[in-house]
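Participant: Here it is, the structure, as structure tokens.
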Amino acid sequence: MERKVQTRREGLPELPNLDDRKPVLRFAPNPNGPLSFGHSRGLVINGEYAKNLDGELILRFDDTDTTVKPPMLEAYDSIPKQQEWLCGFAAHRIVIASERMEHYHEYAYKMLDGQFGYVCTCSAEDFKVHRVGMTECPCRDNSRDLNLERWAKMNDPNEYQPGDAVLRVKTDMTLKNPALRDWPAARIQTNPHPRVGDRWRVWPLLDFQSAVEDYLQGVTHIIRGKDLMDSTRKQTLLYSHFGWKYPETIYWGRVKVHEFGAFSTSQMKKDITAGLFDGWDDPRLPTLSALSRRGIQASALRSFWIELGLTQKDIAVPLSTLYSHNTKQIDPRAPRLAFVRNACPIILTGDLPRSGTIQSHSDTEMLPRQYSIDEGVWIEQEDSGKPLRLKDLCDIDENGNVESIDRSDKRSVVHWVAGGIPSKLTIASGQEIDIVEGILENNSHPVGTIVQLERIGYAIIEDDGLLMVHD
RNA sequence: GCUUGCGUGGUGUAGUGGCCCAUCAUUUCGGGUUUUCAUCCCGGCGACCCGGGUUCGAAUCCCGGCGCGAGCACCA
């Protein structure tokens, strides 16, 4: 009798129906702002599959809305950079939807020509009545020629105006799922697009633009949030009209990170403008630039998302999970440094080595730290008033008299600074930001170095002080 | 309301009929190493939503219930 061996699956599950193909995956954010923590899941998962299976990752800007979520020009530069930082490689292709409008128009025309699409002049409210009541709207049976004529009117500034007409995909008004009934594919927008201005008047909606583009790019697998499940169903109906085969689709559930609360790109934009936050990399924000600034490693983000996997469960994870991944990445390389909060001077009397060196890291070969003591050292207010072991130096009594060079008993070990420079440690916790003044040990680590502040936690060196990474 | 999806320890996750009195990680607790309350190592606690059914056998299949999420936009 053959026994199956119990094995635990590591990493991401296999891609379904891959056969011998190289997968083509895509991540399609709206460039209405820089990427945030939430985006990083799509980037990591799609990127990992592309990398591991020798496939391709397409970074696509779904920027066909100029009204509700207008594109932000800087995002076209920052997003590819952040994608490369996070994935560890640059996307194989970058597609900008607003520059591919002729394709969408071409297929819109084909839809009308093939009579599986129609121009609808019902108002949104009127159409809702048809959708809910499972009845067909008057525009639905218009002839091919009339539809083409109305399509021309949609594209003509002197004819239909925004709201007057939309392009719909003919599905079936009696479909069980109301979301699928003759869904809209394109509408009129007159707000100029920051990249292509007012060259186009009729813009595709996500479900149409994305579906056509996935076909044109040869996307094999779509991995996205399960909130887009109905999108798949709509697009599958469109694909069958065109006679195309829809890509394999995989979904993940909703993720909540308690500490991040509810942020949206547009809300952040508003709050930054209002001065509530310093910028997109304000350490309180869940943006990728803020996380990177705070010393969160791309590799930690990757292992974090890979560990969460691709289940459709809605989950809530604490930030401590991400931090534990990050600690594994940064600890082996983080030089130790002393930072004394609420510094309190203590004069040392007696014999002790007035200068010397201390290890920067017990496990690796790093240049040691040097110290030189004149009269005394700084210790934390909280530690003062009792016999102490000054770490790597000597035992003292509560008044600073040196009692022993070697460790003589179990008294508590504390960190200290000789000389040093006044500095501040910025700690972002949730929406709050705390600044702790203190004395930092002399050092020559460049800006951007992640250090471990002894007995406190990890921090990153910035131009004007320290920024807490996590403890 | 209609549609659709999900329910394994505190939090995540593996598991597609017998390996499972259930995997791994994290959190927490205890211990060890360490002249840091860190890192590292060892150990403990702790779970298959409920009720039926199918089966020799169910976390795994079926039905019902309950709970939670998402969609029903001229946003993405």
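Participant: Going by average Cβ density within 10 Å per residue, which order do the peptides A:410-417, A:369-376, A:271-278 take, highest to lowest? Display every interim value, and only then the final one.
Facilitator: Working: A:410-417: 17.4, A:369-376: 14.8, A:271-278: 12.5.
Highest to lowest by the protection proxy: A:410-417, A:369-376, A:271-278.
Participant: Within segment A:179-195, list the residues whose amide N lies under 17 Å from a label point set 7 Å along Cα→Cβ of residue A:161.
Facilitator: A:188-192
Participant: In addition: Residue A:270 to residue A:403: extension gain in nm, 0.36 nm per residue of separation minus the Cα-Cα distance?
Facilitator: 41.9 nm
Participant: With all distinct Cα pairs included, what does the Kirkwood hydrodynamic radius of segment A:102-204 come out to in Å, to one decimal, could you say?
Facilitator: Computed over segment A:102-204, the radius equals 14.0 Å.
Participant: Going from the alpha-carbon gyration tensor of segment A:157-245, what semi-axes, largest first and in whole Å, does one get by taking the root of 5 times each eigenvalue?
Facilitator: Largest first, segment A:157-245 gives 25, 18, 12 Å.
Participant: What's the percent breakdown of Cα-Cα distances in segment A:351-412 across 10 Å bins, shortest bin first?
Facilitator: Calculated over all Cα pairs of segment A:351-412, the distribution is 20, 48, 29, 3 percent.
Participant: Let me ask something additional. Between helix A:206-217 and chain A, what is the angle of the helix's C-alpha long axis to the longest principal axis, kept within 0 to 90° and rounded to the nearest 10?
Facilitator: Computed tilt is about 90 degrees.
Participant: If you don't mind, another one. State in Å² the accessible area per residue of segment A:317-471; use a 1.4 Å probe, count heavy atoms of protein chains only, and round to the nearest integer.
Facilitator: 52
Participant: Another question, if that's okay. Could you rank the peptides A:283-292, A:399-408, A:78-87 by their average count of other C-beta atoms within 10 Å per residue, with the highest value first?
Facilitator: Final packing ranking: A:283-292, A:78-87, A:399-408.
Participant: While we're here: Helix A:319-330 sits at what angle to the longest principal axis of chain A, using alpha carbons and giving 0 to 90 degrees rounded to 10?
Facilitator: Here the helix axis deviates by roughly 60 degrees.
Participant: Still on this structure, please answer the following. When only alpha-carbon atoms count, how far does segment A:334-470 stretch along each of its three principal axes, as whole angstroms with the largest first?
Facilitator: 45, 33, 26
Participant: A follow-up question, please. Can you tell me what share of the DSSP beta bridges in chain A is antiparallel? A percent to the nearest 5 is fine.
Facilitator: Just about 70 percent of them are antiparallel.
Participant: Over segment A:257-332, what is the relative contact order in percent, taking alpha-carbon pairs closer than 8 angstrom and at least six residues apart? Write out the running numbers ahead of the final one.
Facilitator: Working: 53 pairs, mean separation 24.7, N = 76.
This gives 33 percent for segment A:257-332.
Participant: Along the charge dipole of chain A, which of A:219, A:35, A:399 sits closest to the positive end, that is, farthest toward it, with unit charges on the beta carbon of Lys, Arg, Asp and Glu (+1, +1, -1, -1)?
Facilitator: Sorting the options by dipole projection puts first A:219.
Participant: Related question: Let me have the relative contact order for segment A:342-431, percent, based on Cα pairs under 8 Å that are six or more residues apart. Intermediate values should be presented prior to the final figure.
Facilitator: Numbers: 148 pairs, mean separation 26.1, N = 90.
Relative CO of segment A:342-431 lands at 29 percent.
Participant: Let me ask something additional. So if I place +1 on the C-beta of Lys and Arg and -1 on the C-beta of Asp and Glu, and nothing else carries charge, what would the dipole magnitude of chain A be about its Cα centre? I want it in debye, nearest 20. Walk me through the intermediate numbers first.
Facilitator: Numbers: 57 positive and 68 negative charges, 365 e Å.
Rounded to the nearest 20 debye, it is 1760 debye.
Participant: While we're here: List the relative contact order of chain A as a percent without decimals, with contacts defined as Cα pairs under 8 Å and 6+ residues apart.
Facilitator: 12
Participant: What's the Cα-based Rg to Rh of chain A, Rh via Kirkwood?
Facilitator: We get a ratio of 1.13 for chain A.
Participant: Moving on to the next point. Order the peptides A:238-248, A:123-133 from the highest to the lowest mean number of other Cβ atoms within 10 Å of their residues.
Facilitator: Working: A:238-248: 16.1, A:123-133: 12.8.
Highest to lowest by the protection proxy: A:238-248, A:123-133.
Participant: Sticking with this structure for a sec: Please compute, over every Cα-Cα pair in segment A:257-332, the percentage with a separation greater than 22 angstrom.
Facilitator: Counting every Cα pair in segment A:257-332, those more than 22 Å apart make up 31 percent.
Participant: Heavy atoms only, 1.4 Å probe, whole protein assembly: order A:229, A:134, A:173 by accessible area, highest first.
Facilitator: Highest to lowest solvent-accessible surface, that is A:134, A:229, A:173.
The values are calculated or read from the model by the stated rules, or taken from the named source; none is laboratory data. On a predicted model such as this, the values are computed, not experimentally measured, just so you know. Methodologically, a virtual Cβ is constructed for each residue, glycine included, from the backbone with ideal geometry; neighbour enumeration extends over all protein chains shown. Areas reflect the complete protein model, heavy atoms only, side chains present, ligands, DNA and RNA absent. Shrake-Rupley method; radii C 1.70, N 1.55, O 1.52, S 1.80 Å.
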